[in-house]
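J.: Structure below; questions to follow.
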Amino acid sequence: MTQPWGISATLRGFYDDNYSTVADHPTSTNSVSKRGSFGFQVSPSGSVALATDQTDVAARYTFGAYWYADRDRRGLDPFDYTHQFDGYLSHTFSQRYNVYVTDSFVMAQEAQLIDPFNSLPYRTQGNNLRNTGSITFNAQLTQLLTLVLGYSNTYYDYKQDQEDVTGPNNPFGVGSYSALLDRVEHLILVNLQWQLSPQTVGVLGYQFGLIGYTADEFMSGQTVFTTVITPSGPVLVPVLVNPLKSDFRNSYIHSGSAGIDHTFNPDFTVSLRAGAQYADSYNDPSGYNNFGPYGNLNLRYRYGAGSYIDATFQQQFSQTDVLAYNASVSSVYASINHALTPQLTGSVIGQFQYSQYNSQAVPGLPDYNGQSYNYYLVGLNLAYHFNRHVSADVGYNFDMLDSSSAARYNFTRNRVYVGVTAAY
């Protein structure tokens with residue numbers, strides 16, 4: 001009988017040469033110098049999976065504790081903590097109908113964990129939350145035609161709010177991460193899938209997205225000081241000019257696409273979607289809207305026991321902390337996992353992302369329309385499995401942000417680590 005549960009724990013030592021992802025070269029507006037730190041990571045996790053004739057249920061939770069020697073030496077809290085939970089439920093009503101439910105929760109500081117499309121590409125201190133839940137219903141209408149209905153909900157809650165950024169030069173607490181990024185994203189999808197051949201499925205789809213910002217804080221505005229005469233004499237009083245609150249960027253997003261899923265053989269599959277998106281910023285009195293391409297390409301190839309290649313390309317609108325309505329994001333991700341021996345495995349991951357802001361001029365505020373940035377990530381890992389319970393690994397990660405936008409600063413980050421994992 002297969003064990004329905006599993007536990008594991010990882011202990012790693014690391015060195016991070018820019019653990020706060022600050023600018024490589026400080027400027028007058030960003031005067032914080034980058035700092036490196038040795039540290040260690042402890043990550044226990046547990047999982048459970050249960051199956052019956054009609055229902056499968058699984059869940060996994062991972063806790064991470066990260067200690068930074070540099071912060072400890074400076075009298076700062078040296079620990080960061082992360083929580084990750086993933087779960088799913090699949091239920092088959094009959095041969096023609098089934099439902100699939102998933103949930104993914106993250107409390108973290110790293111941008112790649114909170115939002116892979118980098119609404120904010122910098123590491124962010126604090127207990128920042130992201131939760132994504134989805135439900136998908138599949139109905140086989142005929143022998144060749146299947147209807148897919150789905151709904152997903154993603155919730156973002158950043159730790160920094162207006163109280164954290166309020167000060168003498170910002171008395172109204174303008175521009176906190178909560179004001180710029182706290183939101184709920186609803187997505188409704190309808191797909192028709194046509195079995196063109198035993199190996200090929202044609203897909204025609206539509207998605208409706210509703211983006212609602214939730215912070216009710218000022219995301220932008222210019223503070224000026226005016227003199228007011230009082231009985232005790234003149235007093236400087238702050239006034240917020242051209243104020244905009246978070247929900248100014250609420251939007252509807254319509255996406256239409258067509259594509260195919262093709263199985264060349266059990267080890268090689270390809271999925272392609274191509275179409276267009278239309279974003280309607282309905283809270284903007286000027287009626288701003290924009291079109292853009294939409295699509296994705298997924299490839300998976302297994303070429304040996306424990307060896308495979310995954311590659312993904314995505315093109316879509318994404319939200320951003322910059323004073324823009326959205327960003328057109330092109331992202332390429334690839335990973336190679338190769339079994340060098342039955343016990344030794346090497347892996348390489350790489351990501352490139354190009355983001356361009358979509359906006360229009362608002363009096364008194366910067367216009368970032370057409371400005372862009374590039375984000376690069378490379379990861380190398382070598383793992384040795386002593387047996388099925390104990391393994392060790394060593395790795396290196398490189399991150400770089402290269403921006404042409406005045407809204408971003410450039411940074412590089414190098415991380416090396418070595419660790420051991422015990423699992424049962």
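J.: Would you call Phe79 in contact (Cβ under 8 Å) with a residue 12 or more places away in the chain, more than 23 Å from Gln319 (Cβ to Cβ), touching a strand residue (DSSP E or B) at 6+ places or on another chain (Cβ under 6 Å) and surrounded by fewer than 16 Cβ atoms within 10 Å (Cβ to Cβ)?
T.: Here the answer is yes, as Phe79 does meet what is asked.
J.: Of the conditions (1) farther than 21 Å from Tyr417 by Cα; (2) loosely packed, with under 15 Cβ neighbours inside 10 Å; (3) modelled with pLDDT of 95 or more, Tyr301 fails just one. Which one is it?
T.: The failed condition is (2).
J.: Of the residues Arg96, Arg74, only one is farther than 23 Å from Leu401 by Cα and free of Cβ contacts under 8 Å to residues at least 12 places away in the same chain; which?
T.: After ruling out the rest, the residue left standing is Arg74.
J.: Would it be correct to say that Val190 is more than 30 Å from Gly306 (Cα to Cα), surrounded by 13 or more Cβ atoms within 10 Å (Cβ to Cβ) and under 24 Å from the mean Cα position of the chain (by Cα)?
T.: Considered against the rule, which asks whether it is more than 30 Å from Gly306 (Cα to Cα), surrounded by 13 or more Cβ atoms within 10 Å (Cβ to Cβ) and under 24 Å from the mean Cα position of the chain (by Cα), Val190 comes out as yes.
J.: Do the conditions hold for Thr154, that is, is it surrounded by 14 or more Cβ atoms within 10 Å (Cβ to Cβ) and without any contact (Cβ under 8 Å) to a residue 24 or more places away in the chain?
T.: So Thr154 does not fit the description; no.
J.: Look through segment 228-241, keep the residues that are free of Cβ contacts under 8 Å to residues at least 12 places away in the same chain and either touching a strand residue (DSSP E or B) at 6+ places or on another chain (Cβ under 7 Å) or in a strand (DSSP E or B) (or both), and return whichever of them is surrounded by the fewest Cβ atoms within 10 Å (Cβ to Cβ).
T.: Looking at the filtered set, the residue picked out is Gly233.
J.: Of these, Phe225, Phe137, which one is surrounded by 15 or more Cβ atoms within 10 Å (Cβ to Cβ), of a type in the set (Phe, Trp, Tyr) and in a strand (DSSP E or B)?
T.: Matching residue, one of Phe225, Phe137: Phe137.
J.: What number goes with the only condition from (1) in contact with a helix residue (DSSP H, G or I) (Cβ under 8 Å, 6 or more places away or on another chain); (2) assigned to a loop (DSSP other than H, G, I, E, B) that Pro116 does not pass?
T.: Single failed check for Pro116: (1).
J.: β-branched (Val, Ile, Thr), out of contact with any strand residue (DSSP E or B) (no Cβ under 6 Å at 6 or more places or on another chain) and surrounded by fewer than 17 Cβ atoms within 10 Å (Cβ to Cβ): which single residue out of Val57, Val32, Val42, Val22 fits that description?
T.: Exactly one of Val57, Val32, Val42, Val22 is β-branched (Val, Ile, Thr), out of contact with any strand residue (DSSP E or B) (no Cβ under 6 Å at 6 or more places or on another chain) and surrounded by fewer than 17 Cβ atoms within 10 Å (Cβ to Cβ), namely Val32.
J.: Given the residues Tyr376, Tyr417, Tyr424, Tyr409, which is the only one that is more than 30 Å from Leu240 (Cβ to Cβ), among the aromatic types (Phe, Trp, Tyr) and surrounded by 15 or more Cβ atoms within 10 Å (Cβ to Cβ)?
T.: Sole residue among the options that is more than 30 Å from Leu240 (Cβ to Cβ), among the aromatic types (Phe, Trp, Tyr) and surrounded by 15 or more Cβ atoms within 10 Å (Cβ to Cβ): Tyr417.
J.: State which residue is farthest from the chain's Cα centre (by Cα) when the search covers only segment 77-118 and only residues that are over 24 Å from Asp321 (Cβ atoms) and hydrophobic (A, V, I, L, M, F, W, C).
T.: Out of the qualifying residues, it is Phe93.
J.: If only one of Ala51, Ala9 is surrounded by 15 or more Cβ atoms within 10 Å (Cβ to Cβ), out of contact with any Phe, Trp or Tyr (no Cβ under 8 Å at 6 or more places or on another chain) and either of a type in the set (A, V, I, L, M) or at pLDDT below 95 (or both), which one is it?
T.: Being surrounded by 15 or more Cβ atoms within 10 Å (Cβ to Cβ), out of contact with any Phe, Trp or Tyr (no Cβ under 8 Å at 6 or more places or on another chain) and either of a type in the set (A, V, I, L, M) or at pLDDT below 95 (or both) holds for just one of Ala51, Ala9, which is Ala9.
J.: Now for a different question. Does segment 39-51 contain any residue that is among the aromatic types (Phe, Trp, Tyr), in a strand (DSSP E or B) and out of contact with any Cys (no Cβ under 8 Å at 6 or more places or on another chain)?
T.: Checked segment 39-51: at least one residue is among the aromatic types (Phe, Trp, Tyr), in a strand (DSSP E or B) and out of contact with any Cys (no Cβ under 8 Å at 6 or more places or on another chain).
J.: What do you reckon, is Gly256 surrounded by fewer than 16 Cβ atoms within 10 Å (Cβ to Cβ), at pLDDT below 95 and either under 20 Å from Ser328 (Cβ atoms) or in contact with a helix residue (DSSP H, G or I) (Cβ under 8 Å, 6 or more places away or on another chain) (or both)?
T.: Considered against the rule, which asks whether it is surrounded by fewer than 16 Cβ atoms within 10 Å (Cβ to Cβ), at pLDDT below 95 and either under 20 Å from Ser328 (Cβ atoms) or in contact with a helix residue (DSSP H, G or I) (Cβ under 8 Å, 6 or more places away or on another chain) (or both), Gly256 comes out as no.
J.: Quick check on Gln160: is it outside any strand (DSSP E or B), without any contact (Cβ under 8 Å) to a residue 40 or more places away in the chain and buried (at least 17 other Cβ atoms within 10 Å of the Cβ)?
T.: yes
The values are calculated or read from the model by the stated rules, or taken from the named source; none is laboratory data. Small disclaimer: the values here were computed from a predicted structure and weren't measured. Methodologically, a virtual Cβ is constructed for each residue, glycine included, from the backbone with ideal geometry; neighbour enumeration extends over all protein chains shown.
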